[in-house]
Amino acid sequence: MQEILSYIALSMGVAWASGVNLYAAILVLGLLGTSGNITLPETLQVLQNPIVIGAAGLMYCIEFFADKIPGVDSAWDTLHTFIRIPAGAVLAASAVAEVDPSFTLSAALVGGGLTAATHLTKASTRLLVNTSPEPFSNIGVSLAEDTLVFGGLWAALHYPLVFLIFLVIFVVLMIWLLPILWRGIKGMYEMLRKFFKIEKPKYLTKQ
């Protein structure tokens with residue numbers, strides 16, 4: 001039972017972390033596996049390859065700075081919609097590939113959905129944070145996200161049951177928060193539309 005919990009926590013942990021910061025997730029797992037602090041499943045041991053670690057480290061450094069510049073971070077998030085979600089699904093599936101083929105497919109489906117939801121929450125939050133005229137809130141949120149990824153993966157690897165409990169709480173909060181974020185984004189869009197006197201498309205106008 002404990003082994004199954006460990007596999008599930010690793011699978012969902014890497015999917016969740018990929019939605020926040022994919023490169024940090026890969027880098028953390030690769031370094032921990034290489035240093036011997038953890039034993040990765042055989043299907044994830046490719047992350048320990050120096051080339052993969054180097055590429056993840058380089059991309060993490062780029063994202064570290066891009067993620068703290070208002071506007072640039074949202075553009076970065078938009079681009080990574082097509083990278084984080086499939087990568088999160090693949091990593092989630094790879095984490096349980098040694099267990100059973102049915103686990104692999106299930107992990108890909110659930111993991112991809114979790115990555116997508118986490119990514120959407122992150123991107124929506126950043127859009128609202130970017131309305132603040134000062135850059136410090138943006139930097140603070142970015143640093144908090146990085147810390148969350150490192151701490152979350154550490155918990156998933158060492159305390160799988162605790163991590164899964166917190167993941168359930170996170171998902172519940174995310175379901176509650178997303179409609180609020182979208183209402184905020186819609187309000188911001190309406191404000192900008194009125195400010196620049198942009199007319200609504202005809203298909204959105206009630207007859």
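Rule-based calculations on the coordinates, nothing more; no lab input. The structure presented is a predicted model; accordingly, all values stated were derived computationally and were not measured. Virtual Cβ from ideal backbone geometry, glycine too; neighbours counted across all protein chains shown.
Rounded to the nearest 500 deg cm²/dmol, what is the calculated helix-only ellipticity per residue at 222 nm for the chain, with -39500 (n - 2.57) per DSSP H run of length n ≥ 4? Write out the running numbers ahead of the final one.
On the way: 7 runs with 162 residues, N = 207.
Mean residue ellipticity at 222 nm (helix-derived): -27500 deg cm²/dmol.
How do Arg84, Arg126, Arg183 rank when sorted from fewest to most other Cβ atoms within 10 Å of their own Cβ?
If I rank by nearby Cβ atoms, fewest first, I get Arg183, Arg126, Arg84.
Fewest first, what order do Tyr23, Tyr159 take by the number of other Cβ atoms within 10 Å?
Values: Tyr23 23, Tyr159 13.
So the ranking, lowest neighbour count to highest, is Tyr159, Tyr23.
Could you give the longest part of the chain that holds none of the GluC sites (Glu not before Pro) found in DSSP loops with at most 14 neighbouring Cβ atoms within 10 Å?
Details: sites that count: Glu98, Glu199.
The longest uninterrupted stretch comes out as 99-198.
Taking the Cα centre of the range 2-172 as the origin and placing charges on Cβ (Lys, Arg +1; Asp, Glu -1), which of Ile83, Leu47, Ile26 is farthest toward the positive end of the dipole?
Ile83
With a Förster radius of 30 Å, plug the Cβ-Cβ distance of Leu109 and Thr131 into 1/(1 + (r/R0)^6) and report the FRET value to the nearest 0.05. It would help to have the intermediate numbers written out before the result.
Working: r = 35 Å, r/R0 = 1.16.
Efficiency at R0 = 30 Å is approximately 0.30.
Between Ile139 and Thr81, what's the calculated FRET efficiency when r is the beta-carbon distance and R0 is 35 Å? Round to 0.05. If you can, show how the numbers build up before the last one.
On the way: r = 23 Å, r/R0 = 0.65.
Calculated transfer efficiency: 0.95.
Nearest 10 degrees is fine. How inclined is helix 2-35 to the longest principal axis of the chain, computing both from alpha carbons?
60
Between the range 27-56 and the range 58-118, how many Å separate their Cα centres?
Distance between centres, Cα-based: 17 Å.
Need the full-extension length gain, Ile51 to Leu178, defined as separation in residues times 0.36 nm minus the C-alpha distance. One decimal, nm. Can you show the working numbers first?
On the way: separation 127, 0.36 × 127 = 45.72 nm, distance 3.69 nm.
Contour length minus the Cα-Cα distance gives 42.0 nm.
Give me Leu143, Leu10 ranked fewest to most by other Cβ atoms within 10 Å of their Cβ, as a rough exposure proxy. Can you show the working numbers first?
Details: Leu143 13, Leu10 26.
Result, fewest neighbours first: Leu143, Leu10.
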